Every structure is written in C-alpha cells, then in structure tokens.
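Report on the structure given below.
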Amino acid sequence: MFCFGHLSLADIVVVANKENQIEMLTKKQIIDIYMGRKSTFPNGEVVLPIDQATDSTTRKLFYQNLVDKTVSEINAYWARLLFSGRATPPRVVENGSSVINIIKKNKSVIGYILLEDLTDDVRVLNYVD
Amino acid sequence: MLIKFFDRIATRLIINLILVAALIATMSSYIFFERTYKAELKQNLASIEQLIQAVAHTAAIATYLEDIVLAKEVVQGIASNNLVKAVELRTNHKLIANSGEMNQLDEQNLIHFQLKSPFIKTEKVGELIVNINDELIQSYAENVALEHVVLITIHSLVLILVIMFLLKYQLVDVIKMLAGKLHTITPGSGQRIALPTEHIHDEIGLLVADINQLLTSVEITLSSERALRNEVEELERRFRGIFEQTSGGIALINHQGYLKVHNPSFEKIVGPDRMKRLGADQKESLFSVVGTDALTLQKAVTQALVETNPISVDLKISDNDVINWLHCTITKMIDDAESPILEIVIQDVSDRRNREHSFKIQAESDPLTGLYNRRSGREKIQQQLDASEQLDIEYALLMIDLDNFKPINDQYGLKAGDVVLTTLAKRFMKHVRSDDIVIRWGGDEILICIKQKNHGLDITSITQKLTDIIRQPITLDDDQTVTVGASIGHAIFPLNGFELDLLIQRADEAMYQVKSHAKANPTANDLQA
C-alpha cells in the first residue's frame, strides 16, 4: 500500500483517525477538501481539514506540493472567499504534534504532517510530494 | 435660342455630377459602415476578452467552489460594461449565475471562456459565456457611416458648386456666347465670330476657327449657287422666249393625247375652237379634236412611244370645207412606263400641201377636159396593174375613138369640138366608178380602164353603155345640138396579156377594126353607133 521508495525528508503525509473508514484519498480529493470545495469524505461523512501555523515550513511545503502555490497565494484565495461564506479555510493548529493530537480525538479530522513526525496514532491517507 | 432648363448642358452635367456623388456617397458609406463595424467589433471583442481575463481567476474559483455569491459578483462585474448584453457563469453541470437575456443562437456574438481549476490546470471547472451587445456596436458603426455620408455630401456639394461656377464661367458662358453669335449670323453676310482671346489655344478657339471656316465655305457655295441660278434663269428665259415666239406649235401631251403644256403658236395653229375643247372642263384628247385623221395621230403617238426617233405625220384637218394640213413631229420626252410625256411639234403646211396638190393635178390632167393626160393616165393604170397582179381582179381597157368629130370641128369651129370633148368627159366621169380611170389619150381618143372584181366583167354591156352615153345629143354654146358616134375597141387584163403596152396596142387594134368595119358597112356602123 505504501511506496517507501519515494520517501524523503521533505515528504508530507495526509493523515486521519485510525478508526476512519476511508482507506485513502487521492491528491485531487485532498485538494478539494483543503480548498473548500468538498466538506465530506467520498463516502459522505463530514470531513474537517486542519492547517498548520501560517508561518510554518510544513504548511508552506504542503501547499507547494499539493497545488504548487505559496502560502500567501492560498491566503489570498481564502480572503477572496471571506464574504461569500460558501467555503471557509481549515482550522489552524500550531504544529504537527497538535495535528496528531486532534486527529486522535476526532474521527472526522484530517491533517498533514512531515513524514518524520508520523506516529502510529494516525493512519496515512496519502503522500503529498 | 431659348433652351429648356433640362436640355441645357450645365443642367445635365450637374445632374450627372449629383448622381455620381450620390452613388459614391452610398457606396463609400456602405464600405465605411462595414469597416467601422468590423473594426469596432474586433476592438470591443478584445476589450471584453481583457475584461474576462481580469475576472477569469475569480470566476474559476466561483465555479470551482460553486460559490453563488462570488459567481454573481463576477457576472455583475462583467455585465456592468455596456458592451455586454448578457453573461452566464456555468459549472460543468449547471448555471450558477447570469445577467441579461442570453441569445444562444447569436453564435458570432458569443464569447465562450473555459474556466480551469485554480489548483489543477488540466481540470475544467466551468465556462463563462458573454453575449456581446452587437446592436450597440452596429449603431455605433452606423453613426460613423452616417457622419461619413454627411461629410461626403457636404464635400460633394461644395465641389459641385465650384464645378458649376467654373463651368459657367469657363465653358457654358463661352458656348452660350458662341451659340448666340452664330444664331444671329446670316450665311453670306460676311459676318464672322470673334475669337475670344483667352481661348485662342484651346478647344473653343479651334471650334471658332472651324465655324468661321465653315461659314466661309458656305458663303462660297452660296454665291456659286446664286450665279448658277441666275445663269439657269437667264437660260430659261431665253428658252421660254424661243418656246413662246417660235412659229412652230409645241405642246407636251401624255400617251392618251391630253394636253399638258403648249405655246401660243400651237394655240394659233390648232385654232380657238379646238383649244377650247382641249382646255375646257370636259377636257378632250388631242385625238378626238383632230377629226378624221385621229387614228393616224394615235398610231403615230403609239409608234413614238416605242421608238427613240421622232415620228412625223401629216394630218388633214377640215374646218367648214377648208382643209388644213398639219405636219406633226412626235418625240417621246419622258420615258416613264406609268405616264410617259410626248412632245408634239406642229406646223401648218396647208399652203405647201395645196400648192403641191394643184401642181400635181395640173401635171397629171388634160387642161381642157380635166381627165388624166396620156402620161399620168398610163402611170395610173400601171400602178393598178402592179397592185393587182396577185389578186383576182380583171381590168378592161377600152379605147374610144369618136366618129364624126372632125366634121363638127370643121362645121362649128374648134370651140364646138372643145365643148363636145368636155361634155363627154363630164358624162364619163359621172358614170364610171371611183376606181376606174378615164384618160384623154389623143385628140379625140379616150382610154377608159374599168376594174372588175370576181370575173364579173361584161364587156359587151359596158361597150354598149359607153356607146349610149356618147350618142346622147350634145348642146353647143349656141343651143345647137350635135351627135357623135364612137368606135370602141377593148383588151382585157389578164385575158389578153399582162403588159400594159401590149394591152393598149390590142385595144387600139380592136378599135381600128371596129372603125374600118363601120366604114365598110355604114349601115352596120350606124346601127352600132
């Protein structure tokens, strides 16, 4: 299921609660969830994505790998949508361990962390490279 | 010299100019409209493209998220431009925002802009459709074209005015002046058109020179015509004089003999009565007024019609027992099959004819008795014989010698003998037919030639009749009466011969036989006499 041959220090993984029914998310599904287009998993259950701190390297790397955009571009995107109310940006937590903590407590949450921060508390849905 | 307004050169020129200007204005306006329209359309399309490019990202986000509010914002932003008639923003599945009435059929005025996902460039998330306000562009182009028409019209009007002005002063006035001058010039008066100094070297100058040259040649022609006419008039006067004064009667007639023209001499020769008939209302033909010789004249006219040479004929005209002879020469003048004209020249030749006639009579007759003399009588008989040789005709030649003539001469004088001879001559002439010929052959010898057709000649009865005539008593001047007898011998053509001399000889011999027989038998002679 995993392809370790591609792993590197810069690799970021998208993770979810171990009890989550979803085995994996495609890159497109991850984009749609993070950019506010989808608010549910493919099976229809609500998904709550979480971001890392605005100035964090992980966040910068994540968006760069995912949609090839800078953090400020992503901020501009959300700013544009500020008043329409259709989509809201993901909740922000401090760092990778905070992400793991929240996911452990909530089945609906997904988040991203550096591969090196990965623990057994969460399950990998996909790699973002 | 007044020329109708629409016939004037300047008017026609101006009308043509206006027509051409109108045509050019119409055509160029159309071209301007098309060009302006296309250029405007292109420019407006470009500015709308720019507008779309400006909002494309937002529109992509709106469709990506199906964000109605954002979509409406985008649509309104585009629709606020007055070049845009309608806008639609669609995701892949549905319409999420629109503005205005979109005409999907107006394909050429629709701009379809494909919206890509903001995050995945290969994914199409929706479409922005803009309907351009073509009416606006069109009306703009129309305004531009109209402006152009107005400009061209003003331009043309100014040009036409200038052309009119130039035409009037440089051409029309000059032509008017030339036409007016030419109109007043009478050919032959020596007048010429003065050459306008400013036009010496141009077409007007050439025209004036040519007109003057033409006037000169017309003058020359006119004067030579005039001289010729005078000559012809003089000639005509002379010919008329000849025609009027000639002694010969000249007239022109048609083939039916009706008089066309005649001269006074003709009138004089033909006489007033006949002229009245020829010229009166119930116009008579010349044929019908000439009398007995009408057929001769008619024949001559017919002959003249078919021949080129003049035909001459003598006509006998009798008025109250006066016989006039007219010598007519008929010539065909106009050879027209429908109505040919003939010239008839007549001369009164009565005097000559009468003189000739009396000479002839004198030469042919015996002065005492008026009978044919021997020579002419012989000729007459010869003529008859010559004419009759082929015919079934007999001639009896009777030689008469008077008996007892010499004693009367001796007893009563020579005068009495003359009376006997003239009396007998009168008796013979009274009894013979016109064809018969009575000749005083000698002193008391008479030769009578009697013509008899169809073998009906009874010579015995003729001889007897002649003897009876001779034996009638003859009254002399002094109321004395005498009686003469005659010995008659005869010869018959062709029974007794064909030659006249022979026949005369035979008759003579027969007569002498009778005479000698009578002398030998006086009783018998008495009986016969």
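With respect to the conditions (1) assigned by TED's automatic domain parsing to the domain that holds B:Arg440; (2) modelled with pLDDT under 85, B:Asp401 lacks only one, and its number is (2). For region B:122-132, check the following and say yes or no: at least one residue is closer than 27 Å to A:Leu66 by Cα, without any contact (Cβ under 8 Å) to a residue 24 or more places away in the chain and charged (D, E, K, R). Yes, region B:122-132 contains at least one residue that is closer than 27 Å to A:Leu66 by Cα, without any contact (Cβ under 8 Å) to a residue 24 or more places away in the chain and charged (D, E, K, R). If only residues of region B:189-233 that are among the charged types (D, E, K, R) and under 34 Å from the mean Cα position of the chain (by Cα) are counted, the one that is surrounded by the most Cβ atoms within 10 Å (Cβ to Cβ) is B:Glu219.
Give the residue, chosen from B:Glu219, B:Glu225, B:Glu234, that is in contact (Cβ under 8 Å) with a residue 12 or more places away in the chain and not assigned by TED's automatic domain parsing to the domain that holds B:Lys283.
B:Glu219
For every residue, the table says whether it meets (1) surrounded by 15 or more Cβ atoms within 10 Å (Cβ to Cβ); (2) of a type in the set (D, E, K, R); (3) at pLDDT 90 or above; (4) part of a helix (DSSP H, G or I).
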residue	(1), (2), (3), (4)
B:His57	yes, no, no, yes
B:Leu89	yes, no, yes, no
B:Glu101	no, yes, no, no
B:Thr122	no, no, no, no
B:Ser139	no, no, no, yes
B:Val144	yes, no, no, yes
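Going by the conditions given, is B:Gln108 modelled with pLDDT under 85, part of a helix (DSSP H, G or I) and in the same structural domain as B:Thr26 (by TED's automatic domain parsing)? Outline the logic, then answer.
Working: modelled with pLDDT under 85: yes; part of a helix (DSSP H, G or I): yes; in the same structural domain as B:Thr26 (by TED's automatic domain parsing): yes.
In short, yes.
For the structure I just gave you, tell me whether B:Ile204 is in contact (Cβ under 8 Å) with a residue 24 or more places away in the chain, farther than 20 Å from B:Leu13 by Cβ, of a type in the set (A, V, I, L, M, F, W, C) and not assigned by TED's automatic domain parsing to the domain that holds B:Ala10. Considered against the rule, which asks whether it is in contact (Cβ under 8 Å) with a residue 24 or more places away in the chain, farther than 20 Å from B:Leu13 by Cβ, of a type in the set (A, V, I, L, M, F, W, C) and not assigned by TED's automatic domain parsing to the domain that holds B:Ala10, B:Ile204 comes out as no. Taking the listed residues A:Gly111, A:Gly96, the one that is within 17 Å of A:Ile30 (Cα to Cα) and not basic (Lys, Arg) is A:Gly111, with no other qualifying. Looking across region A:41-94, the residues that are more than 14 Å from chain B (Cβ to nearest Cβ), among the charged types (D, E, K, R) and within 15 Å of the chain's Cα centre (by Cα) come down to A:Asp51, A:Arg59, A:Lys60, A:Arg91, A:Glu94. Among B:Asp418, B:Asp435, which is within 21 Å of B:Asn373 (Cβ to Cβ) and not in a helix (DSSP H, G or I)? Answer to the check: B:Asp435. Any residue in region B:45-54 that is part of a helix (DSSP H, G or I), more than 30 Å from A:Tyr34 (Cβ to Cβ) and at pLDDT below 85? Scanning region B:45-54, I find at least one residue that is part of a helix (DSSP H, G or I), more than 30 Å from A:Tyr34 (Cβ to Cβ) and at pLDDT below 85, so the answer is yes. Does region B:43-64 contain at least one residue that is away from chain A (no Cβ under 14 Å) and under 30 Å from B:His155 (Cα atoms)? The answer is yes, given that some residue of region B:43-64 is away from chain A (no Cβ under 14 Å) and under 30 Å from B:His155 (Cα atoms).
Per-residue answers, yes or no, for (1) out of contact with any Asp or Glu (no Cβ under 9 Å at 6 or more places or on another chain); (2) in a loop (DSSP other than H, G, I, E, B):
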{"site": "B:Val301", "(1), (2)": "yes, no"}
{"site": "B:Asn309", "(1), (2)": "yes, yes"}
{"site": "B:Cys328", "(1), (2)": "no, no"}
{"site": "B:Lys332", "(1), (2)": "no, no"}
{"site": "B:Ala337", "(1), (2)": "yes, yes"}
{"site": "B:Glu343", "(1), (2)": "yes, no"}
{"site": "B:Ile346", "(1), (2)": "yes, no"}
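Restricting A:Gly44, A:Gly36 to residues that are in contact with a Pro (Cβ under 8 Å, 6 or more places away or on another chain) and at positive phi narrows the list to A:Gly36.
The values are calculated or read from the model by the stated rules, or taken from the named source; none is laboratory data. Being a predicted model, the structure only gives us computed values, none of them experimental. When we count neighbours, we look across all protein chains shown, and the Cβ atoms used for this are built from the backbone with ideal geometry, even at glycine.
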